[in-house]
1. Can you sort 117, 264 by how many other beta carbons sit within 10 Å, fewest first?
2. Any idea what the alpha-carbon Rg over 2.2 N^0.38 Å comes to for segment 57-178?
3. Could you work out the pair-distance distribution P(r) of the chain from its alpha-carbon pairs, with 5 angstrom bin width and percents rounded to whole numbers?
4. Considering the chain as a Gaussian network with a 10 Å cut-off on Cα pairs, which listed residue, 217, 116, 79, attains the greatest mean-square fluctuation?
5. Go ahead and estimate [θ] at 222 nm for the chain from helices alone: -39,500 (n - 2.57) per DSSP H run with n ≥ 4, summed, over the residue count, rounded to 500.
6. Run through the DSSP bridge list for segment 163-259 and note the antiparallel percent, rounded to the nearest 5.
7. Extent of segment 10-88 along each principal axis, from alpha carbon coordinates, in Å, largest to smallest?
8. Any idea how far the Cα center of segment 187-217 sits from the one of segment 241-290, in Å?
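Every number here is computed from the coordinates shown, using simple stated rules; none is lab data. Quantities reported herein were computed from a predicted structural model and do not represent experimental measurements. A quick note on method: Cβ atoms are made from the backbone with ideal geometry, for glycine too, and the neighbour counts reach across all protein chains shown.
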């Protein structure tokens with residue numbers, strides 16, 4: 001095969017590869033959205049430039065010549081390299097690490113993430129579950145923390161306000177005939193350092209001290225599981241307990257709720273907000289959970 005003096009037209013190479021792969025000029029024309037005569041013309045230009053016939057033509061159709069078979073391998077190799085070059089030039093995916101308490105991650109964040117991915121399919125979210133009550137928790141690009149808004153040097157942004165309610169398993173409500181707040185006397189009051197009982201006691205007109213004995217849990221999800229298992233009665237922000245309430249495994253008692261002193265906050269370093277993925281996720285969090 002003669003060595004060409006200049007590079008073949010990319011349109012001619014595409015017509016040749018398509019016709020060789022599909023077995024005819026008409027099929028290649030359909031794939032390339034041109035006429036069969038245009039495909040034939042491009043291939044004849046390529047053959048003229050190479051000095052050899054790439055197809056054996058007959059009244060019944062065309063098939064690759066020996067020279068065409070050899071040339072097809074070179075063309076496909078060149079196309080593969082061009083394709084790889086295009087992939088190498090693609091920008092890296094946008095990745096974002098988000099730290100969140102386990103109960104928030106499991107019950108609020110993860111069920112809502114499909115909505116985020118519908119809006120931002122090119123952002124990859126890695127959720128790092130952070131155990132509550134750590135003295136020095138790991139910092140991520142975005143952190144979601146439970147408390148009163150004092151965490152570290154980052155400015156906290158409240159995700160939502162909440163109400164604290166008292167909850168018990170239906171079997172406990174029935175067995176102990178819980179009809180008014182004073183009926184809690186003598187019942188196991190489950191404790192957590194994350195939520196105090198005293199504000200609810202005060203709203204209920206009960207001059208009771210904060211429980212000092214009994215089972216205590218440092219995670220709200222475990223606290224709610226303990227209550228659902230019948231181990232006692234819990235006080236917890238209602239929004240985080242919604243899954244247990246909706247399933248009927250826990251029942252809010254006495255129709256009494258008090259403003260939650262602690263809730264969830266977003267923490268982000270200000271300079272991180274210049275990144276597209278960070279700004280998008282923070283905005284989505286606010287819109288989703290406000």
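1. Fewest to most other Cβ atoms nearby, the residues stand as 117, 264.
2. With N residues counted in segment 57-178, Rg over 2.2 N^0.38 Å equals 2.12.
3. It works out to 1, 5, 10, 11, 10, 7, 6, 5, 5, 4, 4, 4, 5, 5, 5, 4, 4, 2, 2, 1, 0, in whole percents.
4. Looking only at 217, 116, 79, the largest GNM fluctuation is found for 79.
5. Value at 222 nm, helices only, nearest 500: -11500 deg cm²/dmol.
6. Just about 85 percent of them are antiparallel.
7. Between the extreme Cα coordinates on each principal axis of segment 10-88 lie 44, 26, 19 Å.
8. 23 Å
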